[in-house]
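The values are calculated or read from the model by the stated rules, or taken from the named source; none is laboratory data. Keep in mind that this is a model prediction, so the values were computed, not measured. Because the Cβ atoms are built from the backbone with ideal geometry, glycine has one as well, and the counts that use them run over all protein chains shown. Heads up: the accessible areas ignore ligands, DNA and RNA and are worked out on the full protein's heavy atoms, side chains in. Shrake-Rupley method; radii C 1.70, N 1.55, O 1.52, S 1.80 Å.
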Amino acid sequence: MRKGPKLLLWSVVIGMALVTFFQWIAAFGGAEEPKADARRMLYEASLFQVELLAGHAAEAASAGTTGELDGLKQAAYSVEYTHARFADALGSGVPELRSAGVLMELLVRLQIGGERKLKAEEAEVLAAAAPYLSELHDAYAELFDADGALDAAAAERIRLADEEIAALLEREGR
């Protein structure tokens, strides 16, 4: 065999070996892709739950029966659960959301006897809480900035809205 075809054959074999070698490096330990920030993901999940809660609260303001409050009760539970995980992951600086638990207690009390028509004062309490839950959502949406830091002003707005909601539900819901 002449040198030209022999050189070409070896060049192809070595080229294929190099391509395979680089594919293995890429597949089994090349440069790692950046991983998503778990704290950011917890915040986004919690924000989504707060958004659902605010939406269900607006709908509950016009509910006629206790059975129509199931979505609101589920959303309150979800907010309480996801926010607790988010707060645990971030540590200090994240305001407590006591109002979600208070809202759940009120809804369980309303539904304890089965499905019935809501009394006018019960519907008024739910309607009065809806704007505060909307404010809570608006403040929550600003809590975690793009750099991954907590916004102290948004945290204070959340704390104030949470206190208003809890106080309203405890005062009027009894």
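One way to sum up the overall shape of region 123-166 is the equivalent ellipsoid from its Cα gyration tensor, whose semi-axes run 24, 9, 5 Å, largest first. Restricting the calculation to alpha carbons of the chain gives Rg and Dmax of 27.5, 100 angstrom.
Sorting 152-161, 107-116 by their mean Cβ neighbour count within 10 Å, with the most densely packed peptide first, gives 152-161, 107-116.
Leaving out ligands, DNA and RNA but keeping every protein chain, what accessible area does M104 have, in Å² rounded to the nearest 10, with a 1.4 Å probe? About 40 Å², rounded to the nearest 10.
Across all Cα pairs in region 81-120, the calculated P(r) in 10 Å bins from zero up to the longest distance comes to 25, 36, 21, 15, 3 percent per bin. Name all residues of region 66-102 having a backbone nitrogen under 20 Å from the label point set 7 Å from the Cα of A120 along its Cα→Cβ direction, giving them as ranges. In region 66-102, the label zone of A120 (backbone N under 20 Å from the point 7 Å along Cα→Cβ) covers 66. Per residue, the convex hull spanned by the Cα atoms of region 96-137 amounts to 69 cubic angstrom. Extending 7 Å from Cα along the Cβ direction at E163 and again at L8 yields two label points whose distance is 8.4 nm.
For the peptides 139-149, 5-15, the ranking by mean Cβ contacts within 10 Å, running from highest to lowest, is 139-149, 5-15. Carbon-plus-sulfur accessible fraction, the chain (probe radius 1.4 Å, protein heavy atoms only): 59%. Calculated accessible area for region 31-174 comes out at 54 Å² per residue, all protein chains present (probe 1.4 Å; ligands, DNA, RNA ignored).
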